[in-house]
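A short write-up of the structure that comes next.
The values are calculated or read from the model by the stated rules, or taken from the named source; none is laboratory data. Quantities reported herein were computed from a predicted structural model and do not represent experimental measurements. Backbone-built Cβ (ideal geometry, glycine too); neighbour counts: all protein chains shown. Just the protein is used for accessible areas: all its heavy atoms, side chains included, with ligands, DNA and RNA removed. Shrake-Rupley method; radii C 1.70, N 1.55, O 1.52, S 1.80 Å.
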Amino acid sequence: MEKLQYISQGTTRIGQENNIRTMLDHGIRWVQVRWKNAPPEELMRLCESSKRLCSDYGAVCIINDHVQVARQIDADGVHLGLEDQSVASARPILGQDKIIGGTANTTADVIQRIQEGCDYIGLGPLRFTATKEKLSPVLGFEGYINIIDELQSLKIEIPKIFAIGGITLDDIELLQPTGIYGVAVSGQITQDSSLITQFKKALK
């Protein structure tokens with residue numbers, strides 16, 4: 001599983017497509033298509049074009065929230081927020097071979113996601129981020145340490161955890177020792193795609 005995930009940005013379908021194509025051109029191989037409050041037809045068109053683009057680049061295409069859309073376009077999987085459809089109900093729709101990721105904010109959330117059979121967990125936010133409307137309590141670096149310590153004390157095997165929420169390149173050095181698997185990034189690499197190579201090197 002890739003250690004660097006890109007969460008798409010853009011307020012229009014064309015803007016989203018251009019950003020995704022640029023990210024793929026610069027080495028991203030895992031795209032989560034996320035476009036909140038999009039017109040349904042435009043969202044479907046974006047997801048279809050994103051799936052084609054990702055296939056052309058040999059990249060994974062994950063759809064945020066929309067399980068039926070992911071099924072319809074044969075995406076590689078879906079990412080579900082805490083208030084979205086449950087993993088248990090999404091699995092029969094998508095099938096056993098598809099990737100299902102889930103958001104978490106607390107130790108209890110992580111345990112719930114593990115029990116649901118999530119393939120990976122997006123844990124955060126690290127800090128405030130303007131890309132998310134309903135922001136969960138900010139974890140900070142200590143939050144990641146505390147949650148992973150709690151999992152270890154409960155003798156729970158650490159799942160593939162991705163730090164999310166305002167992640168920057170400078171954070172990688174502090175995040176990796178906490179036990180996370182990777183990071184999901186949006187704003188910084190959308191603004192400067194040349195940083196993708198540095199992110200990948202830092203995550204090795």
Is it true that some residue in the range 97-104 is within 23 Å of Pro39 (Cα to Cα), crowded, with 16+ Cβ neighbours inside 10 Å, in contact (Cβ under 8 Å) with a residue 24 or more places away in the chain and under 16 Å from the mean Cα position of the chain (by Cα)? no
Taking the range 179-202 as the search range and keeping residues that are assigned to a loop (DSSP other than H, G, I, E, B) and farther than 23 Å from Gly15 by Cβ, which one is most open to solvent (accessible area, probe 1.4 Å)? Tyr181
Every residue from the range 47-88 that is open to solvent by 10 Å² or more (accessible area, probe 1.4 Å), in a loop (DSSP other than H, G, I, E, B) and over 18 Å from Thr22 (Cβ atoms): Asp65, His66, Ile73, Asp74, Asp76, Gly81, Leu82, Glu83, Asp84, Gln85, Ser86
Please work out which one of (1) surrounded by 15 or more Cβ atoms within 10 Å (Cβ to Cβ); (2) within 18 Å of Gly187 (Cα to Cα); (3) at pLDDT 95 or above; (4) of a type outside the set (Ser, Thr, Tyr) is the condition Arg127 fails and give its number. (3)
For the range 13-26, which positions are free of Cβ contacts under 8 Å to residues at least 12 places away in the same chain and either buried (at least 20 other Cβ atoms within 10 Å of the Cβ) or over 19 Å from Ser194 (Cβ atoms) (or both)? Ile14, Gly15
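For the condition of a type in the set (Phe, Trp, Tyr), outside any helix (DSSP H, G or I), touching a residue at least 12 places away in the same chain (Cβ under 8 Å) and closer than 29 Å to Gly27 by Cβ, what is the one hit in Phe141, Phe128?
After ruling out the rest, the residue left standing is Phe128.
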Given (1) more than 20 Å from Trp35 (Cα to Cα); (2) out of contact with any helix residue (DSSP H, G or I) (no Cβ under 9 Å at 6 or more places or on another chain); (3) crowded, with 16+ Cβ neighbours inside 10 Å, Gly165 misses just (1)
Looking at Gln9, Gln32, can you tell me which residue is in a loop (DSSP other than H, G, I, E, B) and within 16 Å of the chain's Cα centre (by Cα)? Gln9
Quick check on Gln176: is it closer than 20 Å to Met1 by Cα, over 16 Å from the mean Cα position of the chain (by Cα), open to solvent by 40 Å² or more (accessible area, probe 1.4 Å) and modelled with pLDDT under 95? yes
